[in-house]
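These notes are about the structure you will find just below.
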Amino acid sequence: MLNCPLCRAGLVALAAFSINPVHASVITDATNDFLPSFTVAPHNSDLDVVSAAGFYNTSAQQFTFSATLAGALGQTPGALYVWGLDRGQGTQRFLNGSPPIGAGVFFDSVLILRPNGTGVYNDFINNTMTNLVAGSVQLNGNTITGADLPLSLFPSTGFQPGDYTWNIWPRVGLGQNNQISDFAPDAANVPVTSVPEPETYAMLLSGLGLIGMLRARRKRVQPQPA
């Protein structure tokens, strides 16, 4: 039973957005679907994405990216949460690495969030790196969010802001493909969801966190084979 009115409203808002494929950027991801190539750390639950979303506030011209993990943040030393963004010139960059992974994942920049509340944006096209301002990275239970990030941080490389697409992958360290634990969604990008009112955005985030919590709880109570 849901006792939180905002959570109930959030689930309704998520359902409404999910009905329309144009607004399909609130995604869920299977639990325990670690990449076979991930070999540098244990398969901890804080490296397993269960739900994620990307929003564009059209009135404030701000982006928010959020992900809920299967377990509490901070279990894995060196864990990073990376959103790959395609603003118009994205390529499947991971296919050039060893081992080649990430077919279907296009990006031309990355937003990196850390469990210590800091973050950085790396723009490969314009060759710039920008630290996020204090307070931009928010932690809440199993959920990490980069909130209210200005459009100016993410200059277009061809797409309109509402047409940007994304994928998220946790990783442990930087530089090698075997450091990536999971892609969400698998083998694809999804568009950001354009949200005109802050109230709608807040409801969507609450629904996202609740879905992640329910999926993580379901994982914990699954019966073990005899």
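Bear in mind that the values in this text are calculations on the coordinates, not laboratory data. Worth saying up front: this structure is predicted, and the values here are computed from it rather than measured. Using ideal geometry, Cβ is built from the backbone for each residue, glycine included, and neighbour counts are taken over all protein chains shown.
Here are the numbers for this structure:
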| item | result |
| --- | --- |
| Full-stretch length increase - V120, S194 - with 0.36 nm per residue and alpha-carbon distance subtracted | 24.4 nm |
| For Q138, net neighbour charge (Lys/Arg +1, Asp/Glu -1) across residues whose Cβ lies under 14 Å away | 0 |
| Full-stretch length increase - Q160, N127 - with 0.36 nm per residue and alpha-carbon distance subtracted | 9.8 nm |
| Theoretical gain in end-to-end length, Q92 to L151 [0.36 nm per residue, Cα-Cα removed] | 18.9 nm |
| Local electrostatic count at I180 - Lys and Arg +1, Asp and Glu -1, tallied over other residues with Cβ under 15 Å | -4 |
| Separation in nanometres of the label points that stand 7 Å from Cα toward Cβ, at H43 and A187 | 1.9 nm |
| 3J(HN,Hα) from dihedral phi, region 135-143, Karplus parametrisation 6.51/-1.76/1.60, rounded to Hz, x for glycine, proline | x, 6, 9, 10, 10, 8, x, 8, 10 |
| Neighbour net charge for T165 - beta-carbon separation under 13 angstrom, K R +1, D E -1 | -2 |
| Cα gyration tensor shape for region 76-121, rounded if a/c is under 1.5, else prolate or oblate | oblate |
| Compactness index (Cα Rg / 2.2 N^0.38 Å), region 139-190 | 1.39 |
| FRET efficiency for N32 and S59, using Cβ-Cβ distance with R0 set to 45 Å, rounded to 0.05 | 0.70 |
| Global form of region 28-142, assessed from the alpha-carbon gyration tensor, a/c cut-off 1.5 | oblate |
